[in-house]
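Below is one structure, written out as structure tokens, with a few remarks after it.
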Amino acid sequence: MNHLKGMHHVTAITSSAEENYKFFTYTLGMRLVKKTVNQDDIQTYHLFFADDVGGAGTDMTFFDFPGIPKGTHGTNEIYKTGFRVPSDAALDYWVKRFDRLQVKHTGIQEQFGVKVLSFVDFDDQQYQLISDENNEGIASGTPWQKGPIPLEYAITGLGPIHIRIAEFDYMKEVLEKVMLFKEIAQEGSLHLFEVGEGGNGAQVIVEKNIILPPGRQGFGTVHHAAFRVEDRSVLDEWTNRMESFGFQTSGFVDRFFFQSLYARVANGILFEFATDGPGFMGDEPYETLGEKLSLPPFLEPKRAQIESLVRPIDTVRSTIDFVKE
């Protein structure tokens, strides 16, 4: 069985595509590599923020469903998304940056022997920077070369996701017996699992939590998390594997930028398996990634309708000379 390669992307829900774009571009210095729409709900923007070239394992994506209420954090949810930075010194830089830009954060802490920095955005979406100082395992991406963050401190990809779950034993069984993760450490109620080559880009933190009420999905919460597979043939293996364990799946889904499979593995926990390619540069040049509304070929005939449904958002950055600060 081909093991999962690590995190592919995390998709969350925002109250404002415009504010979300500003926060990720100007505060976090991640590159908008695709401005498109939710393929199942074409009035909803789908924004993809990633590394310099939109590499698999580096992107955080957002829906802005019209009229959706604010979500609440609790148990049975993908609670927090991790981002990798190159070093412990990078975390010192981010503390100063967050203080200056008035981003709420916890200060630098240690988790499983690694330095981390948790913070939130304007929607109370939960994030954590994690230092790659002594990391071994799956390689990270390339920081956005022309962004506002000095390259030695910039975000390079996804770190561990943090799941809260009431039925921990069940979740452990899903991760270990079905998805071929292994538990490598425990700190109190937190359990660290990893897969494939391991390291910060291939880890999941699971917190047993029977105190909080179940989280409720809405803006400020994660919609689903996706794991990397090499290609379509491996994706098909995972379809067969998930279904052999009794999970209902979406079956094969062609998202154009990658190919996918979805399975709800527990209450509040939706996982996706996604191929590394084709990627985000097939329909736009490197220099202007994410600047126009990009539609997969099967939605292109509906472009006029879609453009009438979604409000214009100015995402042109190729004309901006960012000062690294």
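The values are calculated or read from the model by the stated rules, or taken from the named source; none is laboratory data. Computed from a prediction, not measured in an experiment: that's the story for all the values here. Ideal geometry is used to build each Cβ from the backbone, glycine not excepted, and the neighbour counts take in all protein chains shown.
Key figures
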quantity	calculated
Boolean, Lys172 is surrounded by fewer than 17 Cβ atoms within 10 Å (Cβ to Cβ) and out of contact with any Ser or Thr (no Cβ under 8 Å at 6 or more places or on another chain)	no
Residue satisfying all of: in region 131-163; surrounded by fewer than 22 Cβ atoms within 10 Å (Cβ to Cβ) and among the charged types (D, E, K, R); farthest from Lys5 (Cα to Cα) among these	Lys146
Region 22-34 residues that are on the phi > 0 side of the Ramachandran plot, paired with ones that are part of a helix (DSSP H, G or I) (beta carbon under 6 Å, 6 or more apart)	none
In region 224-250, the residues that are in contact (Cβ under 8 Å) with a residue 12 or more places away in the chain, farther than 24 Å from Gly198 by Cβ and either buried (at least 17 other Cβ atoms within 10 Å of the Cβ) or not charged (D, E, K, R) (or both)	Thr239, Phe247, Gln248, Thr249, Ser250
Subset of region 110-130 that is in a loop (DSSP other than H, G, I, E, B) and either modelled with pLDDT under 95 or out of contact with any Asp or Glu (no Cβ under 7 Å at 6 or more places or on another chain) (or both) - its residue that is surrounded by the most Cβ atoms within 10 Å (Cβ to Cβ)	Gln125
Subset of region 178-189 [out of contact with any His (no Cβ under 7 Å at 6 or more places or on another chain) and either in contact (Cβ under 8 Å) with a residue 60 or more places away in the chain or surrounded by 14 or more Cβ atoms within 10 Å (Cβ to Cβ) (or both)]	Val178, Met179, Phe181, Ala185, Glu187
